[in-house]
Amino acid sequence: MTTFPKELTRARFGRVAEKYRKSADHADLEDLDLLFSGLDLAAGLRVLDVATGGGHTAAALSGHAARVVASDLTPAMLSEARKLVAARGAANVSFCAADAEALPFADGAFDRVTCRIAPHHFPEVRAAVSEMARVTKAGGRIGIIDSVVPGVPSLDAFLNGIEKVRDPSHVRSYRVEEWLEFLAGAGLSLVQTASLWKIHPFPEWVARTGQPPAVQREIEAMFLSAFPLAQETYRIRAEGGRVVSYADEKAIFVARKTGAPPAP
């Protein structure tokens, strides 16, 4: 699989970090309500938020834990996350530059680990899930939210193709079944799953990654020419020849670290 080099990912997200802090999509915390219900959060816990982006998850976690560490590959994202967390008055959040596939923390350092709407950017998602498992203590829980695609190849190819044009650092949105394999492969026991469909207002969504107008028009044309099943599945809404919105599915996974590491 061809992937976007991490140094270019860092530079690319550095240019648009403020947009992610201000993103209405990321500020909508409906998915976090579902995630938190399975994480069994408590006041004394130490929590790591991997690939924190604009800091929305870390800020939300701050009221449910003793200490939150927000990590991200991109320094500019961490700067924006600091602004958001400070604005929320969360004093128990610290920040760390970190690669999700090689986390700089000791084994079992955290009671809970979260990662929201980021794994589709990871070149080696299995490695990232294994790292999240490694830094979680035995009996601790990991919560992951990400975009997923249906098990219909044409629908999979349609949405992943659009995402790759919109953001070359996009690697892949996986199927739910693939995610269950990733979790099991890291020695994690599934606690709960849930999903919701998120509506994305097209103008803000397409502009967020900083692509030039010509590329934004190309993406809009891809939506407008979508085959009927894609139009229905992704709830593509257009008016006057312009895309108004579309929807994709976010899956929420909560898993428990059972103790013994998986066999090599």
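Of everything in the stretch 92-112 that is of a type in the set (Asp, Glu) and assigned to a strand (DSSP E or B), the residue that is surrounded by the most Cβ atoms within 10 Å (Cβ to Cβ) is Asp111.
Contact map, the stretch 119-140: residues that are farther than 21 Å from Lys250 by Cβ paired with residues that are among the β-branched types (Val, Ile, Thr) and outside any loop (DSSP other than H, G, I, E, B), Cβ distance under 8 Å, separation 6+ or inter-chain. Pairs shown: Ala133/Ile142; Val135/Val113; Thr136/Val113; Thr136/Ile142; Gly140/Val113.
Quick grid of which residues meet (1) in a strand (DSSP E or B); (2) touching a Lys or Arg at 6+ places or on another chain (Cβ under 8 Å); (3) surrounded by fewer than 17 Cβ atoms within 10 Å (Cβ to Cβ); (4) among the hydrophobic types (A, V, I, L, M, F, W, C):
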{"position": "Ser62", "(1), (2), (3), (4)": "no, yes, no, no"}
{"position": "Ala81", "(1), (2), (3), (4)": "no, yes, no, yes"}
{"position": "Ala90", "(1), (2), (3), (4)": "no, no, no, yes"}
{"position": "Thr114", "(1), (2), (3), (4)": "yes, no, no, no"}
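Evaluating Leu155 against the criteria (1) of a type outside the set (Phe, Trp, Tyr); (2) under 26 Å from Asp33 (Cα atoms); (3) crowded, with 16+ Cβ neighbours inside 10 Å leaves one unmet condition, (2). One residue alone among Asp49, Asp31 is of a type in the set (Asp, Glu), in contact with a helix residue (DSSP H, G or I) (Cβ under 6 Å, 6 or more places away or on another chain) and modelled with pLDDT of 90 or more, and that residue is Asp49.
Only a single criterion out of (1) over 22 Å from Gly14 (Cα atoms); (2) touching a residue at least 60 places away in the same chain (Cβ under 8 Å); (3) surrounded by fewer than 16 Cβ atoms within 10 Å (Cβ to Cβ) is not satisfied by Trp197, namely (2). Pairing each residue of the stretch 91-107 that is aromatic (Phe, Trp, Tyr) with any residue that is in a loop (DSSP other than H, G, I, E, B) and crowded, with 17+ Cβ neighbours inside 10 Å, provided the two are 6+ apart or on different chains, yields C-beta distances under 9 Å for Phe95/Thr52; Phe95/Gly55; Phe105/Ala98; Phe105/Val135. Screening Ala76, Ala100 for residues that are of a type in the set (Gly, Ala, Ser) and modelled with pLDDT under 95 leaves exactly one candidate, Ala76.
Selection of the stretch 64-77 for residues being assigned to a helix (DSSP H, G or I) and surrounded by fewer than 24 Cβ atoms within 10 Å (Cβ to Cβ) yields His64, Pro75, Ala76.
Looking across the stretch 56-76, the residues that are touching a Ser or Thr at 6+ places or on another chain (Cβ under 7 Å) and more than 15 Å from Ala27 (Cα to Cα) come down to Val68, Val69, Ala70, Ser71, Asp72, Leu73. Of everything listed in (1) surrounded by fewer than 21 Cβ atoms within 10 Å (Cβ to Cβ); (2) outside any helix (DSSP H, G or I); (3) under 17 Å from the mean Cα position of the chain (by Cα), the single unmet condition for Leu41 is (3).
For the stretch 20-40, the set of residues classified as touching a Ser or Thr at 6+ places or on another chain (Cβ under 8 Å) and within 22 Å of Glu80 (Cα to Cα) consists of Leu32 only.
Within the stretch 208-223, residues that are under 13 Å from Tyr246 (Cα atoms) and of a type in the set (A, V, I, L, M) sit with their Cβ atoms under 8 Å from residues that are surrounded by 16 or more Cβ atoms within 10 Å (Cβ to Cβ) and at pLDDT below 95, at 6+ positions apart or across chains, in these pairs: Ile219/Gln211.
Condition test on Ser189, is it of a type in the set (S, T, N, Q), surrounded by fewer than 16 Cβ atoms within 10 Å (Cβ to Cβ) and not in a loop (DSSP other than H, G, I, E, B)? Yes; evaluated as a whole, the condition is true for this residue.
Scanning the stretch 116-152 for residues that are surrounded by fewer than 24 Cβ atoms within 10 Å (Cβ to Cβ), in contact with a Pro (Cβ under 7 Å, 6 or more places away or on another chain) and in a helix (DSSP H, G or I) yields one hit, Val125. Selection of the stretch 232-264 for residues being touching a helix residue (DSSP H, G or I) at 6+ places or on another chain (Cβ under 9 Å), within 23 Å of Ala127 (Cα to Cα) and at pLDDT 95 or above yields Lys250, Ala251, Ile252, Phe253, Val254, Ala255, Lys257.
The values are calculated or read from the model by the stated rules, or taken from the named source; none is laboratory data. Everything numeric in this text was worked out from a predicted model, so none of it was measured. Don't worry about glycine lacking a Cβ; one is built from the backbone with ideal geometry, like all the others, and counts go over all protein chains shown.
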